[in-house]
Amino acid sequence: MAFKISDKSLFSRLLRAPWWVSFTVAAVVIAGMFALLPKELKAAAILSGVPFIVIGVMAAWQQRNTLSPKQLEAVLEKLTAMTAKEFADALTAAYQREGYTVKPHGKPGADLALEKQGYTTLVSFKRWKAANHGIEPLRELLAAMDKVETGRGVYVGLNSVSDAAVQFAEKNGIRVLFGEELAALCTKLR
């Protein structure tokens, strides 16, 4: 039986919080224990903060490549201001940096064909600025994937897709890329 920490536990919450929160908790615990314990147990006071320091290091490692809310907003504004050609070029460059060979797909349902290690992934982004993303463009991408005989697809948009579209994507092996993930991919261009 695998051990799983509850999502409501203090350590799980600290892992999701900014990294500095864990270090602040560690400092408070160490200071409190240092003040309360007798001289003989001062080493124990210092050790009492170690779990929080470890969690802080883990959180910092997980958050090392994440964007701050201000950075995320700035990147998404830049992406929104791009023309379709500029956006296609930005995506192409981002995927090339990830090690993919990128070619225009040129057929209905997908805009780019990515190749890496013998696998082909089709990318659809023609509706990337749409306010609402439903199932229909995902169906078109799935049809294109079937024609190329690949089980890999990526649907790109600035805004999130409907719940029904998310379920359709998961069921059919399509990765939905939007918001923070899209911004993270495109910030690697710098």
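Are any of the residues in segment 135-148 surrounded by fewer than 16 Cβ atoms within 10 Å (Cβ to Cβ) and either in a loop (DSSP other than H, G, I, E, B) or within 20 Å of the chain's Cα centre (by Cα) (or both)? No, there is no match, as no residue in segment 135-148 is surrounded by fewer than 16 Cβ atoms within 10 Å (Cβ to Cβ) and either in a loop (DSSP other than H, G, I, E, B) or within 20 Å of the chain's Cα centre (by Cα) (or both).
I'm trying to understand the selection: among the residues of segment 149-187, which are assigned to a loop (DSSP other than H, G, I, E, B), within 22 Å of GLN117 (Cα to Cα) and either under 14 Å from the mean Cα position of the chain (by Cα) or modelled with pLDDT under 85 (or both)? Even if it seems obvious, please write down each step before you answer.
Within segment 149-187, the subset assigned to a loop (DSSP other than H, G, I, E, B) is 149-152, 158-160, 162, 172-173.
Narrowing further to those that are within 22 Å of GLN117 (Cα to Cα): 149-152, 172-173.
Hits for segment 149-187 are GLU149, THR150, GLY151.
For ASP89, the criteria (1) exposed (fewer than 12 other Cβ atoms within 10 Å of the Cβ); (2) within 22 Å of the chain's Cα centre (by Cα); (3) free of Cβ contacts under 8 Å to residues at least 12 places away in the same chain hold in every case but one, which is (1).
Yes or no: GLY106 crowded, with 16+ Cβ neighbours inside 10 Å and over 14 Å from LEU182 (Cβ atoms)? Against the criterion (crowded, with 16+ Cβ neighbours inside 10 Å and over 14 Å from LEU182 (Cβ atoms)), GLY106 does not qualify. Considering segment 41-94, and only residues there that are among the small types (Gly, Ala, Ser) and outside any helix (DSSP H, G or I), the residue that is nearest to VAL123 (Cα to Cα) turns out to be SER68.
Pairs meeting the criteria (first residue in segment 168-183 and at positive phi, second residue part of a strand (DSSP E or B) and surrounded by 15 or more Cβ atoms within 10 Å (Cβ to Cβ), beta carbons under 7 Å, at least 6 apart or on different chains) are GLY173/GLY153.
If I filter segment 49-62 for residues that are in contact (Cβ under 8 Å) with a residue 40 or more places away in the chain, surrounded by 14 or more Cβ atoms within 10 Å (Cβ to Cβ) and more than 22 Å from the chain's Cα centre (by Cα), do I get at least one hit? Checking segment 49-62: at least one residue is in contact (Cβ under 8 Å) with a residue 40 or more places away in the chain, surrounded by 14 or more Cβ atoms within 10 Å (Cβ to Cβ) and more than 22 Å from the chain's Cα centre (by Cα). Condition check: in contact with a helix residue (DSSP H, G or I) (Cβ under 6 Å, 6 or more places away or on another chain) and either within 30 Å of PHE87 (Cβ to Cβ) or among the charged types (D, E, K, R) (or both). Does LEU72 satisfy that? Answer is yes for this residue. When the criteria are applied in full, ALA45 meets the requirement of being farther than 25 Å from GLN63 by Cβ and at pLDDT below 85. Residues that are under 18 Å from the mean Cα position of the chain (by Cα) and of a type in the set (Phe, Trp, Tyr) do not occur anywhere in segment 30-44.
The values are calculated or read from the model by the stated rules, or taken from the named source; none is laboratory data. What you are looking at is a predicted structure, and each value in this text was computed from that prediction instead of being measured. Because the Cβ atoms are built from the backbone with ideal geometry, glycine has one as well, and the counts that use them run over all protein chains shown.
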